[in-house]
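Student: Have a look at this one.
The values are calculated or read from the model by the stated rules, or taken from the named source; none is laboratory data. Bear in mind that the values here come from a model prediction, so they are computed numbers and not experimental data. Here the Cβ positions follow ideal geometry from the backbone for every residue, glycine too, while neighbour counts run over all protein chains shown. Areas reflect the complete protein model, heavy atoms only, side chains present, ligands, DNA and RNA absent. Shrake-Rupley method; radii C 1.70, N 1.55, O 1.52, S 1.80 Å.
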Amino acid sequence: MTFTERGHITVRTFGEVDKGLAQVTSVNLAVVVSANGNSYRFRNVGADVLRVTPDGVAILSIIGQLPFQFTGVLKID
């Protein structure tokens with residue numbers, strides 16, 4: 001089996017924040033898995049946004065397309 005992943009991940013952090021935007025991670029990856037003469041292609045694209053609310057709650061929004069998981073927005077607080 002051969003596994004190849006190409007692309008880039010960019011992480012932007014915004015210092016020590018008490019509230020507001022804390023981090024943005026941009027993902028653009030192409031994955032190819034090959035075995036027994038067959039190839040499968042997957043994409044992982046989108047952005048992960050971490051923000052802190054005025055009352056100190058951290059909210060992570062995962063936006064985009066992840067292989068085998070979902071396409072859309074997943075929010076975690």
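Student: Quick one: how many residues across the stretch 1-21 are of a type in the set (Gly, Ala, Ser) and surrounded by fewer than 10 Cβ atoms within 10 Å (Cβ to Cβ)? Can you show your working first?
Tutor: We begin by selecting, within the stretch 1-21, every residue of a type in the set (Gly, Ala, Ser); these are 7, 15, 20.
Imposing the further condition that a residue be surrounded by fewer than 10 Cβ atoms within 10 Å (Cβ to Cβ) reduces the set to 15.
Going through the stretch 1-21 one residue at a time, the tally reaches 1.
Student: Kindly establish whether Val24 is farther than 16 Å from Ile76 by Cα and open to solvent by less than 50 Å² (accessible area, probe 1.4 Å). Spell out the reasoning first.
Tutor: Details: farther than 16 Å from Ile76 by Cα: no; open to solvent by less than 50 Å² (accessible area, probe 1.4 Å): yes.
Spelling it out, it is not the case that Val24 is farther than 16 Å from Ile76 by Cα and open to solvent by less than 50 Å² (accessible area, probe 1.4 Å).
Student: Could you run through the stretch 8-23 and say how many residues are free of Cβ contacts under 8 Å to residues at least 24 places away in the same chain and assigned to a strand (DSSP E or B)?
Tutor: Initial filter on the stretch 8-23 (free of Cβ contacts under 8 Å to residues at least 24 places away in the same chain): 8-16.
Now narrow it down to the ones that are assigned to a strand (DSSP E or B): 8-13.
Residues flagged as free of Cβ contacts under 8 Å to residues at least 24 places away in the same chain and assigned to a strand (DSSP E or B) within the stretch 8-23 amount to 6.
Student: Quickly run through the stretch 43-72 and pick out the residues that are open to solvent by 50 Å² or more (accessible area, probe 1.4 Å), in a strand (DSSP E or B) and either of a type in the set (S, T, N, Q) or under 24 Å from Met1 (Cβ atoms) (or both).
Tutor: Listed by number, the residues that qualify are Arg43, Gln65, Thr71.
Student: Which residues, taken from the stretch 33-42, are in a strand (DSSP E or B) and at pLDDT 90 or above? Give the derivation first.
Tutor: Going residue by residue through the stretch 33-42, those that are in a strand (DSSP E or B) are 33-35, 38-42.
Within the stretch 33-42, Val33, Ser34, Ala35, Asn38, Ser39, Tyr40, Arg41 meet the criteria.
Student: Looking at the stretch 58-72 only, could you name the residues that are modelled with pLDDT of 90 or more and either farther than 15 Å from Arg12 by Cβ or among the basic types (Lys, Arg) (or both)? Lay out the reasoning, then the answer.
Tutor: Narrowing the stretch 58-72 to residues modelled with pLDDT of 90 or more: 58-61.
The answer is Ala58, Ile59.
Student: Here is a further query. Check Arg51 against each of (1) modelled with pLDDT under 85; (2) more than 11 Å from the chain's Cα centre (by Cα) and name the one condition it does not meet.
Tutor: (1)
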